[in-house]
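Here's the structure we're looking at; comments come further down.
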Amino acid sequence: MKKFNIRKVLDGLTAASSSSSSSSSSSAAAAAARENDAVQETLQSEHFQLCKTVRHGFPYQPSSMAFDPVQKILAVGTQTGALRLFGRAGVECYCQHESGAAVIQLQFLINEGALVSALTDDSIHLWNLRQKIPAILHSLKFNRERITYCHLPFQSKWLYIGTERGNIHIVNVESFTLSGYVIMWNKAIELSTKSHPGPVVHISDNPMDEGKLLIGYECGVVVLWDLKSKKADYRYNYDEAIHSVAWHHEGKQFVCSHSDGTLTTWNIRAPAKPGQIITPHGKQPKDGKKPEPCKPILKVEYKTTRAGDPFMVLSGGLSYDTVGRRACLTVMHGKSTTVLEMDYPIVDFLTLCETPYPNDFQEPYAVVVLLEKDLVLIDLGQIGYPIFENPYPLTIHESPVTCCEYFADCPAELIPALYSVGSRQKRQSYSKKEWPVSGGNWGQGTQSYPEIIITGHADGSVKFWDASALMLQVLYKLKTAKVFERARGKEEKPSTDIVEEDPFAIQTLSWCPESRMLCVAGVSAHVIVYRFSKQEVTTEVVPLLEVRMQCEFSDVDSPDPGGDQTPTLPTPGASSSPQETEPPSQPSTGSISSDGPWDNIPCLQVRSSPLKQSPGYQVELVIQLVWVSGEPPQQITSLAINSSYGLVVFGNSNGLAVVDYLQKTLLLNMGTSDLYSPSDPYQRQPHSPRKARQPSGDIPNETPHMSRLSILYTESVRKLRSAHLTLCDSNDASNTLEDRCKSPTSGSTSPCNSDDERKQNFIEKVKFKSRRFSKTVANDFAKMSRKISSSSGQKTDLDAKDNSFTRSRSSSVTSIEKESREAISSIHFCESFARKTDSLVSPCVLVGTTQGSVLMVAISLPPGGDQRLQQPVGISSCGTLVRLKGGILTMALLDSAATLLPPSYEPWYDPNASDEEKEKSRRRRPASPPSSQEGQDSQFAVLCSEKQAKVVAMPSQTRIYKHSITETSFVLRADVVQMAGANCIACFCANGHIMTLSLPSLRPLLDVNYLPLTDMRIARTFCFSNQGQALYLTSPTEIQRITYSQDTCDNLQEMLSELFTPVETPEAPNRGFFKGLFGGGAQSLDREDLFGETAAGKASRSLAQHIPGPGGMEGMKGAASGVVGELARARIALDERGQKLGELEERTAAMMSSADSFSKHAHDMMLKYKDKKWYQL
């Protein structure tokens, strides 16, 4: 095998990027080949292929729904043209209409494995559900008429389509061709109304007579049409508009719902007036007058039972005086009327029944209600109508997702542990019956490794999801807001909040799966450390540590670094920060002095009452950044926790802080510029932010496009802060800062209390400014997205692009904010060589900044046991390791054989267990021992920024590989991941490219133009994981999972769930002896004789256009290439051949049965007339 040679990249690698990368990589490869002959790279381009796998979550903006009562499959259509199909728990499928038009109606071919969809672009499509990835078999696009309603009778191949003009067309679903039989609106209504009846809003056939078609028009006219005689039998007129119609199963009555909140019941043979008029929610006047009109009843369903009263289920119809009341579903059963309130507006509902036959007792057992943001199933068989427990992962959007992390190949015991504590959180009032949507089968997946997804939300909650085997199930939910005091009224709301809405929102998180330690950072500049315990505990006082991180440039006119900084190596008796002199559990009360406003005040108030903590994640320590001399704390931009060292490291645009969560002390609080050593060539000299910026050295000191969304989000807070300063500066000089900026937590003796009105006006001004600046930030984001998505054929000037981005992002920032602070963008714990002269590895922290610097911080740990809790941890900054172009995104460490060196960890133990159990757990799995490599360059440091990647040999700190990832765009997310037994760097760029680079030689292995950045949500949530897995939030309610592994792509068909399963259609209802004798049963109709080309003729060619779908072999041609494509084509051809053979076998059996029947009838006829004369016949 050749070592470190440049191989060609997969699809999508542009010539510009390949030429720039090959020149830099080839020289590096040559140098490395001489020094590291032993490193063998096994990953090749053939190991990578990009494809979507599954989509989880609630369908975004749902618009329609259908249910197959035999297959037990539920289909949901959306306003963006998506289809989501659900079966039993774990059986889900996603497919998309190419046009993206909204789905207005869905119709299953019951028990046929097919689905018809009607779209707002006046097209209908036939989907084949017998394959794991459904595909369109046929499409029909109407040219002259707008589709408003569709109806497909059970076991019929003729689809009725109602239009906006009031006409009804008929389509053969087998060939997707139009019949010449058309029901024209003027013939249907004749002279019953003087004007056009409006669009068709309902079509259904009489349950007892397939030859009678009931047509509902929007104006209030209903027509019973005789298909054979091609004329109307009856016409029913009502003054109010119709929204829906429902039949009684005996076909003698039907119910209409109207726009005035009334239900009219009609006997089919009495068209003069309705048999009954009721207003379910109308107030009945005593004088016999009509009840007051109500809101429209949007839908009604009428379902009968064999042994009791029928069910009437309806949505809408509430009284107009119920303003602000939530949407309701009404269930009328006998004399009882039950109103069920829903959390969101109702989109559609369906009543699930035991039989698919419309002419039998329906026996309803459940109602499935599709809401705008939820799916609810109501049990009709139990008192009180409880809901079923939903097995699908539809609660991702319960609170908006603000961050996301993906962990593949986790410890096996993690998922059972999280499930055991999470199962106690479930409510107990669910129906005891099984979930009724139970169709489909699970895939036969070969992936056996555990996968966990963690989502952080705007309300401060953190959810853990089991994502193994392409499924998704919530395991456990943690509410971080419980740590803080409840929000008070608007009048008493603390003005120290730096975000007006969602102050508990999760900004970023760090999780150690092995030790189960969790650390989350919120937008209010707070960090919470959690331990996992299986036992309940009550915490009397929440441990609190307040950190005072001051701006690097505290004085506008003088370059004073400012802030409270610690010595690099604190002594046991020295105080690293003002906070350490106070008990860590006592919050600071804050102060307002004569020379400064808000000071030492956190943004949120930690609760003072005892905190009852259930089994699961329990608070270990709360860290809060406080206001400093009227300056709000900056939001956390990077975070890392290490259980082996007992440390939490976090940073923002002010600097870096290191906290010992075991001793609950602050070890380091240092500005970013002070992390550089005095002799550091990359050191940024402090200077006034009002002065012009000077580039440092040969490397351009550019403002990075975006290291992560947290950095970008911080810009909005900076603008809010600048608004705050502008307001303070613009006030009259006689108004002191104490009068303008009063802390709600300080004493009441301040002179500020004498002028509450002025204080309130100031707060209102700040809020107004914040809203205005938030709009500016949103506009800036939109401008950036447009720049990213616009494709340019020519290579643009990078500096010009960077400058334009900087101007756009800071268009409304004051002069103090034009100084681009160097923020901490990435943190990585490791055991490496802190200095060039070191011969042994020691605990270290790699710190990456938004200016591209990678700094090394050394950690000196005391001995373990009790000494670890008593002696201080030493921290010292060792200066710059290397500098890259663009902000640092990720860092990792490899050994001399290019094997990943993960951060050390402590095995999990229950902190509330007995000492004996703790010792047992520690003996069961010892902590990972520190590396003890010696010699020259025994490690590789892998560093990736927004623009390039580098590999540096340690401890010599010499660069051996360098690769320019992109010149015209920038990397949004990068991770060092394991795949196929080796390691690589996976990158997602703002121009939509997904790339992988080999390690350590940084050879390009994959470059595919997948998804241009059109939404900041994607940038905020995109993340890679091991084994070739990745995900992102494709909509506010849905997670899209993708894979970049060739092996996963090859096995995807086997791993996906199966929607269609062979099920026997239930027997038709027995007509009974007397009904058969006197013709009282259901009347069948040979629709072929009526609608076929022989009887009805051909339809106009200009009316609709037939479009063959890609579901057959034609769609496969040219869809794939290479060996994989050939295999896919062969597999599909084999499936089709097997399907055709199965159909041929079924036809042969049917022909044999028909022949036997004909032979029997012929023999009976012969015996009947055998001995009769000709005149006796």
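The values are calculated or read from the model by the stated rules, or taken from the named source; none is laboratory data. If you're wondering where the values come from, they're calculated on a predicted model, not measured in any experiment. Reconstructed Cβ throughout: ideal geometry from the backbone, glycine too, with neighbour counts over all protein chains shown. When the accessible area is computed, the model is the full protein with side chains, heavy atoms only, and any ligands, DNA or RNA have been set aside. Shrake-Rupley method; radii C 1.70, N 1.55, O 1.52, S 1.80 Å.
Sequence-distant or interchain residues sharing an amide H contact under 5 Å with SER204, placed H: which?
Those lying under 5 Å, H to H, from SER204 are LEU214.
Leaving out ligands, DNA and RNA, what percent of the accessible area of segment 59-106 is carbon and sulfur, probe 1.4 Å?
On the way: 600 of 1310 Å².
The C+S portion of the solvent-accessible surface of segment 59-106 is 46 percent.
If DNA, RNA and ligands are ignored and the probe is 1.4 Å, what is the ranking of ARG486, ARG516 by accessible area, most exposed first?
Details: ARG486 220, ARG516 15 Å².
If we order ARG486, ARG516 from most to least accessible, we get ARG486, ARG516.
By accessible area of protein heavy atoms, probe 1.4 Å, what ranking do ARG1003, ARG424, ARG326, ARG235 get, highest first?
Numbers: ARG1003 5, ARG424 155, ARG326 115, ARG235 60 Å².
Solvent-accessible surface, decreasing: ARG424, ARG326, ARG235, ARG1003.
Simple spin-label model, 7 Å along Cα-to-Cβ: LYS836 to TYR430 in nm?
With each label point 7 Å from Cα toward Cβ, the separation is 6.3 nm.
Fully extended, how many nm does the chain gain between ASP239 and ARG959 (0.36 nm per residue separation, minus their Cα-Cα distance)?
Values: separation 720, 0.36 × 720 = 259.20 nm, distance 8.33 nm.
Contour length minus Cα-Cα distance gives 250.9 nm.
Among the listed pairs LYS231/LYS295; LYS157/LYS299; LYS273/LYS303; LYS303/LYS433, which are separated by more than 29 Å between their Cα atoms?
Numbers: LYS231/LYS295 35 Å; LYS157/LYS299 26 Å; LYS273/LYS303 23 Å; LYS303/LYS433 21 Å.
In this structure, LYS231/LYS295 lie more than 29 Å apart at Cα.
Please calculate the 1.4 Å probe accessible area of GLU485, with all protein chains present, and give it to the nearest 10 Å².
70 Å²
Relative contact order of segment 186-330, please, whole-number percent, based on alpha carbon pairs below 8 angstrom and at least 6 residues apart.
Numbers: 339 pairs, mean separation 22.0, N = 145.
Relative CO of segment 186-330 lands at 15 percent.
Solvent-accessible area of TRP185, probe 1.4 Å, all protein chains present, reported in Å² to the nearest ten, please.
TRP185 exposes around 80 Å² with every protein chain in place.
Just list whichever of LYS482/LYS885; LYS373/LYS477; LYS432/LYS534 have alpha carbons separated by over 30 Å in the model shown.
On the way: LYS482/LYS885 42 Å; LYS373/LYS477 19 Å; LYS432/LYS534 28 Å.
The answer is LYS482/LYS885.
Report, to the nearest whole %, how much of the accessible area of segment 350-466 belongs to carbon and sulfur atoms, 1.4 Å probe, protein only.
Its accessible area is 51 percent carbon and sulfur atoms.
Return a whole-number percent for the relative contact order of segment 130-208, with Cα pairs under 8 Å and 6 or more residues apart as the contact set. All intermediate terms of the calculation are to be shown ahead of the outcome.
Working: 114 pairs, mean separation 21.9, N = 79.
It comes to 28 percent, rounded to a whole number.
Take ASP910 and SER1157, extend 7 Å from each Cα along the Cα→Cβ direction, and tell me the distance between the two endpoints in nm.
Here the modelled spin labels are 6.8 nm apart.
Starting from the Cα gyration tensor of segment 961-1038, take the square roots of the eigenvalues, sort them a ≥ b ≥ c, and report rounded, prolate or oblate (rounded when a/c is under 1.5, otherwise prolate if a/b is larger than b/c, else oblate).
Details: a/c = 2.58, a/b = 1.40, b/c = 1.84.
Oblate is the answer for segment 961-1038, as a/c is 1.5 or above yet b/c matches or exceeds a/b.
Please calculate the 1.4 Å probe accessible area of HIS125, with all protein chains present, and give it to the nearest 10 Å².
20 Å²
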